[in-house]
């Protein structure tokens, strides 16, 4: 029996009922699409997820990549996945047609990625990374770079990577030391080391194209001296034959989870023969890379959501069939046992998982919707959607990552002892999930991003726009008697967020940056709980509307479930902001004032 | 380099400064001991932990037990660990001298167990389980059973187990179906299946003694028909030669973590030749077993604490040496990077880990202290300590288990990407830690235990005693200017707990058991946060006292760190009770009213 890992019904509910994705087709850029075509794309994605990704989910974990004689050997199906992702147009889905893409809205492409991820996260990373790298070349690369690299990358013949991290520069990109020396031929000679590079090399593709940060000789110190390069594994010699480009894998990491994808350590230029090709202008590398990072951060959020979804649906299926115990009132030991989903505490755990996974998916689709609207808008609207996307990116990366771990843990708990064993997929999902708060900017980095940058940028414009978006949904909630008490709670929470934000902005004015940012992670959590409640309200409103259309009993249950899940989130999760707010306004900087020596013993 | 996994200094601080363990020696039962002897025992335990347990921590994970031809093969050092645990007196440490024990206080024996666990949890389980099983025989077994089984168990020659769970009866013990048919020879013929039996069979001992629950033929249904048996793997034939007792291992489970200890599935009586020996009276098995379960529940709490400690000390060492980035004020990219422990967010994560691990250890030692005081007291005092121990057992099991997972996750986060790799011990600790909310009664079971049983038992006497204990510490806090504001917060929290408890007791009166117990897990969380804050106050008070004695700078740092950690816990963690209280008093039974069909889609 094949397990369920994602719900097409839920995806369509979000796409059409909540985000009205079909209306994108009225815009020129997306006018070649229709809702019917979106449905076909989704059905095709689900088919691929079921037939190509899911069957090797466990196998890729049990037989992780091997490092042999300098090469990285991955599961043989990776080649097929890359090729199908290329030939089926998945890698280039969102690319403009003139570059060979399908010009699909991000929100639809994202929904497809979600299915691939939920079926097999490790496998999904290969094409996703390639899409991000190709997109960066498409945005900022020269015509020559585009011509040489985009076709094989979009075809899935070449792997793309994102090569930032170095041994002494993880979260601190300012300190990268990989150097690029200009050569008379127009390229650069690259030399240095990179660590933790996902998909950094493997035998499932014909070449690997690194989008790499390096420092041009003589460049200023810090982030202002970082440039972006294309550094291929193989380059073409004068006769157009591929030759090694002096990029060597020195090891692969042995990881707790996410084991199907190799994470590599790379050494460039040991023989003095590693060529890099500058992307855009010198010293603007970090600015360019942020495009890929932002895309990847949403991707990480989606990755975490997909994993949590797979665990949730596995737990749901188990609790619907596993019988244990009786309802509290039932004292007769001869009475039959009930499926454990009948127990209130099990339902509570399932509501938690559902509220996290469907809420997180909704938020990420909201971000993709903003990206699409930015694309088709002009003037102030374009800026508005851009700012909202920027503001919500750290939330969409972190909430799914952090709460996703807790959600998978609750899924595992639903299985009891069986969840801890390899007989069920949840133990692997539990291991897989743990990577997300680390890669593409740790949770601490995301906290500093939202509080230290995003909330303040453009004189707080993004933040103000966010409040407006939430208030718009709150206005609608008032027309529903059963939603309005929960809307009131969200309105109060929004007030709390605003009060805390004001307090912290005052601290920032006082220029004590360390105290101001000390609990940035808590601020991000507070912001996230408000944002997620808003997304749940949007879902409840869409469900309410659908309920007026005389749905079948099955659909009615689904929509009523959405409304109840909104109530759950606002009642069980949202109140947690008060503890965060108390702490964030306490003016008692415990961590800052704690000397490191207090930890000695 | 050997990593630090536990702090002797902290253990001694808890033993002597917080719990005044040396005063136990004034009581007859413990009068053969002195503080100096306790110190020697602790030093010996630390030596064993370092030399015997720690070196095979990783190896036992990488090469888990194998099931071959019906036998379970474990790491060859297990035999040595069992023998040393026997010969060194560790298994029998708390046993009375007339049974061959050392009559050591539980609080001292517990401190030693903590070191073994922190060094290598899987390895520590073998002797700990044996101690629990032996203790049950010592308490309720016949003289014949004691004579036959206690000496080889206490010597580490025989493994003891706790055999409760069955395929259809995990959390629901009322439904066990293993049967015991009385035979004319005085023993019983056992037949049935058990699952998830830790240490259920292995080649590191000469025999395995199962303390097993079964139903005597014709016994009443439900928990009132359960009896307790000793069921050995090998029994003696008429010539005193060991022969198989028809207990067969049908499989071992392949687990995510805690891999060094085999968890087995057992089949009894397939050949109709499995003999069981009744312990105590028929149909009182569950009552007897609760002694071992309570002991094991504290043991699980200690296990979770030990694992979290090992992860915390690993993270601490890493953050003290790993350099990355600069302080927020420092804008000069040429300035040297700082050890990451200098970053406020890293200190926050370390404070979290320290507050969880040292707080949990303190709470468990508090429970052991109550056990010791119960032992040496008479009359109302004896009842008082007994009730406090009963009340706090679900807290001491669950808080370390649930928060331990989060704490290890924060340890892993301190390592960044390295934490996710096998190069450091935290990824294993992360996997090991996840078992604890499941075994010896899931968190849901513990929630129902505290709210549905413990708080109400003896007309709420245990609960009232608990309030008195906390208030005693609060009175002392008032004499310290810098503690009293935090004491006030704890006093308010105690008021919140009391208000919520009152509300729930009213619900219980109204006899709607399902609604009353629906959020029992949240109540347990609320109770735990208050209990832990109290334990942190006890530590802060002890540290304050020690600071008056002109300690060295190093000791001063340690004590000041304790006070700061108390402030941390009350400021960051305790406020979370308000969200729990809001939910617990909401009268909006979301999970109860949610039909299972709402989850369909």
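The values are calculated or read from the model by the stated rules, or taken from the named source; none is laboratory data. In this text the structure is predicted, and so the values were computed from the model without any measurement. Cβ: placed from backbone, ideal geometry, glycine included. Neighbour counts: every protein chain shown.
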task = Test residue B:408 against the criterion of being within 23 Å of residue B:64 (Cα to Cα) and assigned to a helix (DSSP H, G or I), and give yes or no.
result = yes
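For every residue, the table says whether it meets (1) under 25 Å from the mean Cα position of the chain (by Cα); (2) within 11 Å of chain B (Cβ to nearest Cβ).
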| site | (1), (2) |
| --- | --- |
| A:427 | yes, yes |
| A:431 | yes, yes |
| A:442 | yes, yes |
| A:449 | yes, no |
| A:455 | yes, no |
| A:466 | yes, no |
| A:476 | no, no |
| A:481 | no, no |
| A:486 | no, yes |
message = Where the second residue is at pLDDT 95 or above and not in a helix (DSSP H, G or I) and the first is away from chain A (no Cβ under 12 Å) and lies in the range B:520-533, which pairs have Cβ atoms under 9 Å and are six or more apart or on separate chains?
response = B:527/B:455
inquiry  = Given the options B:207, B:241, name the one that is surrounded by fewer than 22 Cβ atoms within 10 Å (Cβ to Cβ) and out of contact with any strand residue (DSSP E or B) (no Cβ under 6 Å at 6 or more places or on another chain).
reply    = B:241
message = Looking for something more than 14 Å from chain A (Cβ to nearest Cβ), in contact with a strand residue (DSSP E or B) (Cβ under 6 Å, 6 or more places away or on another chain) and either outside any strand (DSSP E or B) or surrounded by fewer than 16 Cβ atoms within 10 Å (Cβ to Cβ) (or both) - is there at least one such residue anywhere in the range B:255-267?
response = no
request  = Tally the residues that are surrounded by fewer than 21 Cβ atoms within 10 Å (Cβ to Cβ), farther than 28 Å from residue B:284 by Cα and in contact with a helix residue (DSSP H, G or I) (Cβ under 6 Å, 6 or more places away or on another chain), restricting the search to the range B:111-165.
outcome  = 1
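Condition check ((1) within 14 Å of another protein chain (Cβ to nearest Cβ); (2) within 30 Å of residue A:601 (Cβ to Cβ)) across all residues:
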position	(1), (2)
B:5	yes, yes
B:23	no, yes
B:50	no, yes
B:63	no, no
B:82	no, no
B:97	no, no
inquiry  = With the structure loaded, tell me whether residue A:327 is in a loop (DSSP other than H, G, I, E, B) and either in contact with a strand residue (DSSP E or B) (Cβ under 6 Å, 6 or more places away or on another chain) or not assigned by TED's automatic domain parsing to the domain that holds residue A:464 (or both) or whether it fails that test.
reply    = yes
inquiry  = Just checking, does the range B:218-228 include any residue being at pLDDT 95 or above and closer than 18 Å to residue B:296 by Cβ?
reply    = yes
Residue list for the range B:550-564, filter: more than 8 Å from every other protein chain (Cβ to nearest Cβ) and part of a helix (DSSP H, G or I) = B:553, B:555, B:556, B:559, B:562, B:563
note = Note on residue A:401: of the conditions (1) within 14 Å of another protein chain (Cβ to nearest Cβ); (2) more than 30 Å from residue B:422 (Cα to Cα), unmet is (2)
ask   = In the range B:34-54, what residues are more than 20 Å from residue B:155 (Cβ to Cβ), in contact with a helix residue (DSSP H, G or I) (Cβ under 9 Å, 6 or more places away or on another chain) and either in contact (Cβ under 8 Å) with a residue 60 or more places away in the chain or exposed (fewer than 14 other Cβ atoms within 10 Å of the Cβ) (or both)?
value = B:34, B:38, B:42, B:43, B:46, B:49, B:50, B:54
request  = Considering only the range A:448-479, state which residues are surrounded by 15 or more Cβ atoms within 10 Å (Cβ to Cβ) and assigned to a loop (DSSP other than H, G, I, E, B).
outcome  = A:455, A:456
ask   = For the range B:112-120, does any single residue satisfy the condition of being in contact (Cβ under 8 Å) with a residue 60 or more places away in the chain, more than 18 Å from residue B:396 (Cα to Cα) and in a loop (DSSP other than H, G, I, E, B)?
value = yes
task = Provide a single number: the residues in the range B:342-387 that are without any contact (Cβ under 8 Å) to a residue 12 or more places away in the chain, more than 30 Å from residue A:513 (Cβ to Cβ) and within 12 Å of chain A (Cβ to nearest Cβ).
result = 0
remark   = Selection over the range A:323-339 where residues are more than 9 Å from chain B (Cβ to nearest Cβ) and under 38 Å from the mean Cα position of the chain (by Cα) yields a count of 1
ask   = Regarding residue B:491, is this residue out of contact with any strand residue (DSSP E or B) (no Cβ under 9 Å at 6 or more places or on another chain), surrounded by 15 or more Cβ atoms within 10 Å (Cβ to Cβ), without any contact (Cβ under 8 Å) to a residue 24 or more places away in the chain and assigned by TED's automatic domain parsing to the domain that holds residue B:449?
value = yes
request  = Tell me, please, whether a residue that is in contact with a helix residue (DSSP H, G or I) (Cβ under 7 Å, 6 or more places away or on another chain), surrounded by 15 or more Cβ atoms within 10 Å (Cβ to Cβ), at the interface with chain A (Cβ under 7 Å from one of its Cβ atoms) and part of a helix (DSSP H, G or I) can be found in the range B:312-319.
outcome  = yes
ask   = Out of curiosity, is residue A:586 outside any helix (DSSP H, G or I), under 21 Å from residue B:569 (Cα atoms), within 12 Å of chain B (Cβ to nearest Cβ) and over 26 Å from the mean Cα position of the chain (by Cα)?
value = yes
key: In the range A:284-310, the residues that are more than 15 Å from the chain's Cα centre (by Cα) and within 13 Å of chain B (Cβ to nearest Cβ)   = A:286
note = Restricting the range B:414-425 to residues that are surrounded by fewer than 23 Cβ atoms within 10 Å (Cβ to Cβ) and either in contact with a strand residue (DSSP E or B) (Cβ under 7 Å, 6 or more places away or on another chain) or in a helix (DSSP H, G or I) (or both), the one farthest from the other protein chains (Cβ to nearest Cβ) turns out to be B:418
Number of the condition not met by residue A:524 [criteria: (1) surrounded by fewer than 22 Cβ atoms within 10 Å (Cβ to Cβ); (2) part of a helix (DSSP H, G or I)] = (1)
task = Within the range B:450-472, identify whether any single residue is free of Cβ contacts under 8 Å to residues at least 12 places away in the same chain and under 30 Å from residue A:590 (Cβ atoms), and answer yes or no.
result = yes
request  = Filter the range B:214-254 for residues that are in contact with a helix residue (DSSP H, G or I) (Cβ under 7 Å, 6 or more places away or on another chain) and part of a loop (DSSP other than H, G, I, E, B) and give the result.
outcome  = B:219
